[in-house]
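The values are calculated or read from the model by the stated rules, or taken from the named source; none is laboratory data. Remember, predicted model here, so these are calculated numbers, not experimental data. With ideal geometry, Cβ positions are generated from the backbone for all residues, glycine too; neighbour counts draw on all protein chains shown. Ligands, DNA and RNA are stripped out before the accessible areas are found, and what is left, the full protein with its side chains, is counted by its heavy atoms. Shrake-Rupley method; radii C 1.70, N 1.55, O 1.52, S 1.80 Å.
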Amino acid sequence: MINKFLAKTEHQKGVLSLVLLSLVFASMGLFARYLSTGFVLLQQVYLRVLAAFILGLIFFWKDLDFKKLKKISTKEWGLLIFRSATMYLFGVTLFTQAIILTKYSNVSFIGALPMVAVLGIILLKEKITTKKLVLIISAFVGVVLIAVKDYSHIFVWGNGELIALISTFAFALSYIGRKWHTNLLNNKEITLLTFLISFIMIFITSLVMGQGIPSTGWNWGLFVAVLGAGLFNVINMLLTNYGFQKVEAILASNILTLESVFAIVLGFIFYKEIPIIKELIGGLVITLSVLGMNKVEEEN
């Protein structure tokens, strides 16, 4: 009875972590938009990741066991490299590039595809029922109502749309990959190693592509923005690792659609963007879908 209660409590904490993760996701665009005024794409990404690594070392120092580094198996290192590449080198970088190349509404449409749920069914063998399928589709429709402004072009795909699809798939693989870690490393250790590996990969890629090191153009605004983005990346990865450790991929997929709801709220707070009726309906549909999926999972 006690073990069952503890398991349920951990599951609820995981759900809350993913709700908070959706809020963090919605806010990351604010940093990316500002940092693009001072840095090119890869410079911005690796600076954010480096700041996250340094801040993570400071915050998590007492919870790190460096002796574990010698105990990490080749398979575990491979998984860490794989998740780092899919999360930052392909996920973050390609998604940002897609926004530059094509309509934001198309990228939002592709990003709303329930890729995490699909991979959870295929790779993790999670069970899909009619109720769950209806709730997944409902959340997707809700995101489309909020994000897509021009429905006439969402099925007209070019390079930008294909890049967005690859990035969405990469993100989903990184999320699902949390289920494959052993219990050797805790979530904070996994988070820090992911930052370190990601920084090395993106920094080298940046140098190879001739983007170099941003030695000029710095100001206090950009410096604070890099630190802020680093802090949010720490929160982002920690919530990702904890949430996907505790929560089923199908439910997690639905919870992450709350990002669109939080984006409406942040848009109103920071840019005075008044949501239209269509967006409010979409937000309501997403919220009801997430609540419904959580109830279905609790009943199982």
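Summary of values
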quantity: Residue satisfying all of: in the stretch 54-108; within 23 Å of the chain's Cα centre (by Cα) and not in a helix (DSSP H, G or I); nearest to Gly142 (Cα to Cα) among these; calculated: Lys103
quantity: Test: Phe268 is assigned to a helix (DSSP H, G or I), open to solvent by 40 Å² or more (accessible area, probe 1.4 Å), in contact (Cβ under 8 Å) with a residue 24 or more places away in the chain and not polar (S, T, N, Q); calculated: no
quantity: Index of the failed condition, Leu185 passing every other in (1) surrounded by fewer than 21 Cβ atoms within 10 Å (Cβ to Cβ); (2) part of a loop (DSSP other than H, G, I, E, B); calculated: (1)
quantity: Unique match (being open to solvent by 60 Å² or more (accessible area, probe 1.4 Å), in contact with a Ser or Thr (Cβ under 9 Å, 6 or more places away or on another chain) and under 23 Å from Leu20 (Cβ atoms)) among Leu288, Leu256; calculated: Leu288
quantity: Filtered residues of the stretch 23-53 (kept if within 16 Å of Thr93 (Cβ to Cβ), part of a loop (DSSP other than H, G, I, E, B) and among the β-branched types (Val, Ile, Thr)); calculated: Val40
quantity: The stretch 124-161, residues that are of a type in the set (Lys, Arg) and open to solvent by 80 Å² or more (accessible area, probe 1.4 Å); calculated: Lys125, Lys127, Lys131, Lys149
quantity: Thr240 being β-branched (Val, Ile, Thr), closer than 18 Å to Lys132 by Cβ and buried (at least 22 other Cβ atoms within 10 Å of the Cβ); calculated: no
quantity: Among (1) surrounded by fewer than 14 Cβ atoms within 10 Å (Cβ to Cβ); (2) at pLDDT below 90 - the single one Ala164 does not satisfy; calculated: (1)
quantity: Matching option when the condition is under 26 Å from Leu55 (Cβ atoms) and under 18 Å from the mean Cα position of the chain (by Cα), among Leu266, Leu227, Leu251; calculated: Leu266
quantity: Check on Leu227, surrounded by fewer than 20 Cβ atoms within 10 Å (Cβ to Cβ) and hydrophobic (A, V, I, L, M, F, W, C); calculated: yes
quantity: Close pairs (7 angstrom Cβ cut-off, 6 or more residues apart or separate chains): closer than 20 Å to Phe66 by Cα and touching a residue at least 12 places away in the same chain (Cβ under 8 Å) in the stretch 162-190, open to solvent by 50 Å² or more (accessible area, probe 1.4 Å) and part of a loop (DSSP other than H, G, I, E, B) anywhere; calculated: Leu184/Lys71
quantity: Given (1) in contact with a helix residue (DSSP H, G or I) (Cβ under 8 Å, 6 or more places away or on another chain); (2) more than 25 Å from Ser17 (Cα to Cα); (3) modelled with pLDDT of 95 or more, index of the condition Glu189 fails; calculated: (2)
quantity: Pick from the stretch 58-110, criterion open to solvent by 40 Å² or more (accessible area, probe 1.4 Å) and modelled with pLDDT under 85, ranking: nearest to Ser253 (Cα to Cα); calculated: Phe95
quantity: Residue pairs meeting the criteria (Cβ under 8 Å; at least 6 apart or on separate chains; first modelled with pLDDT of 75 or more and open to solvent by 20 Å² or more (accessible area, probe 1.4 Å), in the stretch 14-41; second polar (S, T, N, Q) and not in a helix (DSSP H, G or I)); calculated: Gly38/Asn219; Val40/Gln211; Leu41/Gln211
quantity: Gly212 being more than 27 Å from Thr257 (Cβ to Cβ), open to solvent by less than 30 Å² (accessible area, probe 1.4 Å) and assigned to a loop (DSSP other than H, G, I, E, B); calculated: yes
